[in-house]
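Data first, discussion second: the structure below is written as structure tokens.
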Amino acid sequence: MKRSHRLSVQLSVWFVAIALVPLAIVTVSTYLAAERALRSQVTTGLYAIARRQANEIATYVREREQNVATLSRMPGTIDALEELGRAFAGDGQGPALDTLDRQYRPFLSYYQEAFGYDDLLLALRDGSVVFSARRRQAVGTNLRADPHRTTGLGVAFDRIRTLLEIDFSDFAPSGEGDVAAFLAAPVLEENTLLGVVILRLNNSEILRILSDHTGLGQTGETLLTQRIDDDAVIVVPLRHGADAPFTRRIALGSPFGIPEQRAVQGSRGEGISVDHQAQRVLAVWRYVPALGAGLVVKIGIAEAFAPIRYLTLLALGLAATTVGLVVLAARSVGRSISGPVVTLTAATAHMADGDLTRRVDVTARNEIGQLARAFNQMTERLARSIEELRESTAAKERIESELRVAHDIQMGILPKIFPPFPNRPEFDLHAMLEPAKAVGGDFYDFLLFDDEELYVVIGDVSGKGVPASLFMAVTLTLFRSSVRRGLGPGALLTKLNRDLCVDNVSSLFVTVFCARLDVRNGALVFSNGGHNPPYHVAAGGVSPLPLRGGPVLGVIDQTIYAEDSVTLAPGDTLVLFTDGITEATNSADELYGDDRLRASLDGHRAARAAGIVSETAADVRRFAGGAPQSDDQTMLVVRYHGPGDVNRR
């Protein structure tokens, strides 16, 4: 009995000791691993929120800049500013100005209301306001004179007048009880500044984006800060606090508000810090160039790490329960069980530390042995899965990086400065290319020889992705090396086809339309290689060019391509495009089609080349809605003004 008692006590002591050691290791390891994982998870969530909100803000600013850029180039805006300017110069604020105000107010007010702007103003280049949609500024107010020149509106006008670029001012108290910013763009005619179009925005959309506290619990919030003098100023309402925007200021170098200070200084980071209320928080911060402001997403430390306290209590409870069970089971458990248990526990601890190479060597045939074998299989599969995931992730990142580089290279070989010939009054040219994927097969190009012959070309390579982009680069390179002054488009396509057929082992082909315009008299000679017929936009309507040409290039090397010709009258426009335009689909799988394209072109016959391109692309986007783009979309537009015509429309 004594020996049995000693054995029972000994087993109890050893079982308790053996259980406590690995249990302590597992508990501590699990606690530390859980703390790291939780902190990483919370930080990742904050980063995701910051990235989402920063992207939404950037998208909002970019859309507004596109709006004002489009508005500044609209013929209606240009005409309104010209006529209002003449009337203002003639009789000040007389009947003529009132008549023009009534004429243009529906168009300008609709634009202001449709996009949710607080006001839309037109100002002459001398600073005189000639139109205000909401009549916040009286007609005749001079933005360059006191007291207006030091306001946000006056400063925005002065920057536009000086830089001739789109400008988005900082949000600031307007003096009217709200916060506002001004978005402005120069209105140019023949590279001459006519005036400035100015849009007044409130901060409601920014506040809507920042007030989404999803994932931030009860203590988390998003702050937007601006640097004003030597202070970081919080420019949005606080989630917990009554401070109005622009009233909470944090001096740079202060021991509190560290994330807010670093954000406005242009840095990006994360960590445990002290916020503007001197509270310890887990925060991420970054700079938002679109607004020239800092973005801080934070959550209180206590709330962020609350699960750790629960995990600690759970671990202690499990440890106490385990010790009690070990003591009670000591008399019925044999020594043979202790060894495998210790071994398995140690392996589990190593696995918690990330070591998946450890295996449990247990030969028992009971449940312990089965558990050990299952553990070995689990660690092997887990290690294999992690390695496969690491390899696939690295490969995917490498491919995505290479595709981004390929996209930049491909876009770099296309001409993209418009207008390309600003000193040539005989014609106006604009083009655009929107690839469906990172890289694509569409291309365009144009060359002017001796100020007389303008060559234009557009093409679409079969297939998608990298093979099509490489074949596109080869085709464009061969075109540039083959074209020369006086060479007919038919002969050019014949040579280009013969060169492409050489060693074309991939059996790719390309559709190409090439034309030569004599800018002295409007004579247009063209040839087509299986491409969509371009449209001739004239005073009488929109019609496709008559084409003979030949088949696609890169298939039959002996093909001879025929030529056709027409004469463009002053004011006529040539519209080249790829099938990505007409074959764009909406959510109902309907095609945009030639009829819609012709209708769009017919509605913008008097527009400039850039206007035709932008309006057509916008019409295609409206038709497609949210449907994904399935093919590259490319356009090249040439508007012929006539020899020596300097009155571009």
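Checked against the criterion of being farther than 26 Å from residue 181 by Cα and aliphatic (A, V, I, L, M), the candidates 295, 282 yield just one match: 282. All of (1) touching a residue at least 12 places away in the same chain (Cβ under 8 Å); (2) farther than 27 Å from residue 295 by Cα; (3) open to solvent by 10 Å² or more (accessible area, probe 1.4 Å); (4) over 30 Å from the mean Cα position of the chain (by Cα) hold for residue 147 with one exception: (1).
Summed over segment 298-320, residues that are open to solvent by less than 40 Å² (accessible area, probe 1.4 Å) and at pLDDT 80 or above total 4.
When each of 138, 133 is tested for being at pLDDT 85 or above and open to solvent by less than 70 Å² (accessible area, probe 1.4 Å), the lone residue that passes is 133.
The set of residues from segment 32-54 being farther than 13 Å from residue 271 by Cα and loosely packed, with under 13 Cβ neighbours inside 10 Å comprises 32, 37. The C-beta contact set for segment 294-309 (first residue over 15 Å from residue 210 (Cβ atoms) and assigned to a helix (DSSP H, G or I), second residue at pLDDT 80 or above and open to solvent by less than 10 Å² (accessible area, probe 1.4 Å), distance under 7 angstrom, 6+ apart or interchain) comprises 301/281; 301/282; 304/282. Filtering segment 479-494 to residues that are of a type outside the set (Val, Ile, Thr) and buried (at least 20 other Cβ atoms within 10 Å of the Cβ) leaves 479, 489, 490, 492, 493.
Checked across segment 470-478, the condition of being more than 22 Å from residue 432 (Cβ to Cβ), open to solvent by 30 Å² or more (accessible area, probe 1.4 Å), β-branched (Val, Ile, Thr) and assigned to a loop (DSSP other than H, G, I, E, B) holds for no residue.
Checked against the criteria, residue 95 does not count as more than 30 Å from residue 121 (Cβ to Cβ) and either more than 39 Å from the chain's Cα centre (by Cα) or modelled with pLDDT of 70 or more (or both). Of the residues making up segment 413-431, those that are surrounded by 17 or more Cβ atoms within 10 Å (Cβ to Cβ) and closer than 19 Å to residue 477 by Cα number 1.
Among the residues of segment 201-236 satisfying the criterion of being surrounded by fewer than 16 Cβ atoms within 10 Å (Cβ to Cβ) and polar (S, T, N, Q), which is nearest to residue 46 (Cα to Cα)? Checked segment 201-236; the qualifying residue nearest to residue 46 (Cα to Cα) is 214.
Let's see how each residue does on (1) under 25 Å from the mean Cα position of the chain (by Cα); (2) without any contact (Cβ under 8 Å) to a residue 24 or more places away in the chain; (3) within 30 Å of residue 139 (Cβ to Cβ):
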{"position": "24", "(1), (2), (3)": "no, no, no"}
{"position": "30", "(1), (2), (3)": "no, no, no"}
{"position": "76", "(1), (2), (3)": "no, no, yes"}
{"position": "80", "(1), (2), (3)": "no, no, yes"}
{"position": "88", "(1), (2), (3)": "no, no, yes"}
{"position": "99", "(1), (2), (3)": "no, yes, yes"}
{"position": "105", "(1), (2), (3)": "no, no, yes"}
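Of all residues in segment 107-130, exactly one satisfies the criterion of being in contact (Cβ under 8 Å) with a residue 40 or more places away in the chain, open to solvent by 10 Å² or more (accessible area, probe 1.4 Å), charged (D, E, K, R) and out of contact with any Gly (no Cβ under 9 Å at 6 or more places or on another chain), namely 118.
To keep it simple, each residue is scored yes or no on (1) within 28 Å of residue 630 (Cβ to Cβ); (2) of a type in the set (A, V, I, L, M, F, W, C); (3) open to solvent by less than 10 Å² (accessible area, probe 1.4 Å).
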{"residue": "507", "(1), (2), (3)": "yes, no, no"}
{"residue": "521", "(1), (2), (3)": "no, no, no"}
{"residue": "538", "(1), (2), (3)": "no, yes, no"}
{"residue": "603", "(1), (2), (3)": "yes, no, no"}
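A residue that is without any contact (Cβ under 8 Å) to a residue 24 or more places away in the chain and open to solvent by 20 Å² or more (accessible area, probe 1.4 Å) occurs somewhere in segment 164-171. In segment 249-260, the count of residues that are touching a residue at least 40 places away in the same chain (Cβ under 8 Å) and under 18 Å from residue 238 (Cβ atoms) is zero.
The values are calculated or read from the model by the stated rules, or taken from the named source; none is laboratory data. Predicted model, so just to flag it, every value in this text is computed and none were measured. FYI the Cβ positions are ideal-geometry reconstructions off the backbone, even for glycines, and counts take in every protein chain you see. Calculation scope for accessible area: heavy atoms of the full protein, side chains included, ligands and nucleic acids excluded. Shrake-Rupley method; radii C 1.70, N 1.55, O 1.52, S 1.80 Å.
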